[in-house]
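Just below is one structure, and these are the notes that go with it.
The values are calculated or read from the model by the stated rules, or taken from the named source; none is laboratory data. Every value quoted in this text rests on a predicted model; they were computed, and no experiment measured them. All Cβ positions, even for glycine, are placed from backbone atoms using ideal geometry, and neighbour counts span all protein chains on display. Ligands, DNA and RNA are stripped out before the accessible areas are found, and what is left, the full protein with its side chains, is counted by its heavy atoms. Shrake-Rupley method; radii C 1.70, N 1.55, O 1.52, S 1.80 Å.
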Amino acid sequence: RYEPTWGSLDARPLPAWFDEAKFGVFIHWGVFSVPSFGSEWFWWYWQKEKREPYVKFMEANYPPGFRYEDFGPLFTAEFFDPNQWADILKASGAKYVVLTSKHHEGFTLWGSKYSWNWNAVDVGPKRDLVAELAASVRNRTDLHFGLYHSLFEWFNPLFLEDATNVFKTRKFPTSKSLPELYEIVTKYQPEIIWSDGNGNAPDTYWNSTGFLAWLYNDSPVRDTVVTNDRWGVGSICTHGGYYTCSDRYNPGHLLPHKWENCMTIDRRSWGYRREAQLSDYLTIEDLVKQLVETVSCGGNLLMNIGPTHDGRIAVIFEERLRQMGAWLEVNGEAIYGTKPWRAQNDSVTPEVWYTFSPKEGTVSAVFLNWPVSGILELGEPQAKLGETQVKLAGYKELLKWVALGEKGLIIALPQLTPKQLPCQWGWTLQLTAI
């Protein structure tokens, strides 16, 4: 049994499915999807920081005296079709999904009995959005279902009172945050708890270790659940299951501990923004590059989309997800279930990233630029004459190659028309007996 101490909890082995999965989809959805302007931090920027664009937006578009709470009934979700969402998630090639069950605004996407009149069953959609998506994901896909949960809430009076008392009192965690965590685990049995928002309070205030000990020992998901590292001040990148370290974390080198790069397709926001321009969205080339770099350095990629207040996944997000799925259809062997190789990227040709498949004993070299010459030089692999074979994923014939002394080889790529290419963005060489 795990003790409620970091020493004991950090010793728990990470359930194997998480490292094998490599790729997940993050979904930021909540009352912030109604103004859908600027950022999912809308309430904070408008009311607390009083940032000019937010104040002006409200003055121009809403009557005087309009409060953030008044957005609640406008979060309608009338087009939310959980089956359609599940089908898009499946098509993306992702192996897990993480939904914001509650962001820093405190609004829960399930009918929490600890969030009176500020939840999706009492206000707005009048639906249990968490239950509906969980059911569709489990019925229609093999994705693992996870939930994001914010520990703190910007404007909750109990939290503000505790903060005023320098967290010597614990009214908020005992009456709101912790009961909610126990509630979502027992009710929805998520396989990921993606904790966030420490509110500048230590883990002792949140009783994070007490909750995690229960989660790992006695909860219905104790054997499969995976957690991140955001459990109070000082825990990020230090304690918990896998490390997130910071948003959009992509170190570009191997780390000794399992980590995740959580990032957004919209560079500027996690929630949906009506004012977003096409140039604000990462291209599929950008996203494939993020995935390949992350996985070759031992990380998972958690790629975020923000649905609309009426429950749609905007077509640009759907397109990116389906493009990623199409790429993984061809190159998935270089991603799923792989381990980092002895070299993460190539020493001679830039933008070449390596992974290793232990079962097949194959080294995959993913190259992001197709050389004009049709010749690709790799500095890292050591080839063996008569044994080494080089294949292009999605192409039948073996490729011709020449070894370069002790280390390195030159590979002749097939001459293909754009239509004949196995995929459009990033290609995989599968090297055996290397």
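In table form, for the structure just shown:
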{"item": "Residues satisfying the stated conditions in the stretch 151-179, i.e. in contact (Cβ under 8 Å) with a residue 60 or more places away in the chain, surrounded by fewer than 18 Cβ atoms within 10 Å (Cβ to Cβ) and not in a loop (DSSP other than H, G, I, E, B)", "result": "Ser175, Pro179"}
{"item": "Out of Gly199, Gly234, sole residue that is farther than 23 Å from Phe145 by Cα, touching a residue at least 12 places away in the same chain (Cβ under 8 Å) and open to solvent by 40 Å² or more (accessible area, probe 1.4 Å)", "result": "Gly234"}
{"item": "Residue match in the stretch 195-202 (condition: part of a strand (DSSP E or B), over 30 Å from Leu74 (Cβ atoms) and not small (Gly, Ala, Ser))", "result": "no"}
{"item": "So Val390, is it open to solvent by 40 Å² or more (accessible area, probe 1.4 Å), at pLDDT 95 or above, assigned by the TED database to the domain that holds Thr355 and touching a strand residue (DSSP E or B) at 6+ places or on another chain (Cβ under 6 Å)", "result": "no"}
{"item": "Where a residue in the stretch 119-131 is without any contact (Cβ under 8 Å) to a residue 12 or more places away in the chain and its partner, wherever it lies, is outside any strand (DSSP E or B), with Cβ under 6 Å and at least six apart", "result": "Val121/Gly111; Val121/Asp128"}
{"item": "Breaking point among (1) surrounded by 18 or more Cβ atoms within 10 Å (Cβ to Cβ); (2) within 26 Å of Pro256 (Cβ to Cβ), for Glu351", "result": "(1)"}
{"item": "Of the criteria (1) in contact with a helix residue (DSSP H, G or I) (Cβ under 7 Å, 6 or more places away or on another chain); (2) assigned to a helix (DSSP H, G or I), which one Ser39 fails", "result": "(2)"}
{"item": "Number of positions in the stretch 391-431 that are more than 29 Å from the chain's Cα centre (by Cα) and of a type in the set (S, T, N, Q)", "result": "3"}
{"item": "Residue list for the stretch 108-145, restricted to those being outside any strand (DSSP E or B) and among the polar types (S, T, N, Q)", "result": "Ser112, Ser115, Asn117, Ser136, Asn139, Thr141"}
{"item": "Only one of Glu20, Glu78 that is touching a Gly at 6+ places or on another chain (Cβ under 7 Å) and part of a helix (DSSP H, G or I)", "result": "Glu20"}
{"item": "Condition broken by Val34, with the remaining ones in (1) farther than 28 Å from Asp310 by Cβ; (2) touching a helix residue (DSSP H, G or I) at 6+ places or on another chain (Cβ under 7 Å) satisfied", "result": "(1)"}
{"item": "Which numbered condition Gln430 misses (of (1) touching a residue at least 40 places away in the same chain (Cβ under 8 Å); (2) open to solvent by 10 Å² or more (accessible area, probe 1.4 Å); (3) not in a strand (DSSP E or B))", "result": "(3)"}
{"item": "Where a residue in the stretch 132-147 is free of Cβ contacts under 8 Å to residues at least 40 places away in the same chain and its partner, wherever it lies, is open to solvent by less than 40 Å² (accessible area, probe 1.4 Å) and part of a strand (DSSP E or B), with Cβ under 8 Å and at least six apart", "result": "Arg138/Phe145"}
{"item": "Of residues in the stretch 250-293 being part of a helix (DSSP H, G or I) and hydrophobic (A, V, I, L, M, F, W, C), the one surrounded by the fewest Cβ atoms within 10 Å (Cβ to Cβ)", "result": "Leu278"}
{"item": "Leading residue by the ranking (nearest to Phe107 (Cα to Cα)) among those in the stretch 297-344 that are aromatic (Phe, Trp, Tyr) and open to solvent by 10 Å² or more (accessible area, probe 1.4 Å)", "result": "Tyr336"}
{"item": "Residues of the stretch 239-249 that turn out to be open to solvent by 30 Å² or more (accessible area, probe 1.4 Å) and either assigned to a loop (DSSP other than H, G, I, E, B) or outside the structural domain of Phe37 (by the TED database) (or both), as a count", "result": "5"}
{"item": "Residue match in the stretch 365-381 (condition: of a type outside the set (A, V, I, L, M), in a loop (DSSP other than H, G, I, E, B), at pLDDT below 95 and open to solvent by 70 Å² or more (accessible area, probe 1.4 Å))", "result": "no"}
{"item": "Exclusive hit being surrounded by fewer than 22 Cβ atoms within 10 Å (Cβ to Cβ) and outside any loop (DSSP other than H, G, I, E, B), set Tyr148, Tyr182, Tyr205", "result": "Tyr182"}
{"item": "Enumeration of residues in the stretch 327-351 that are under 18 Å from Asn300 (Cα atoms) and either part of a strand (DSSP E or B) or touching a Pro at 6+ places or on another chain (Cβ under 7 Å) (or both)", "result": "Lys339, Asn345"}
{"item": "In the stretch 86-119, the residues that are in contact with a Lys or Arg (Cβ under 6 Å, 6 or more places away or on another chain) and crowded, with 24+ Cβ neighbours inside 10 Å", "result": "Thr108"}
{"item": "Filter result for Ala134 (within 25 Å of Ser39 (Cβ to Cβ), open to solvent by less than 20 Å² (accessible area, probe 1.4 Å) and either touching a strand residue (DSSP E or B) at 6+ places or on another chain (Cβ under 6 Å) or not assigned by the TED database to the domain that holds Phe317 (or both))", "result": "no"}
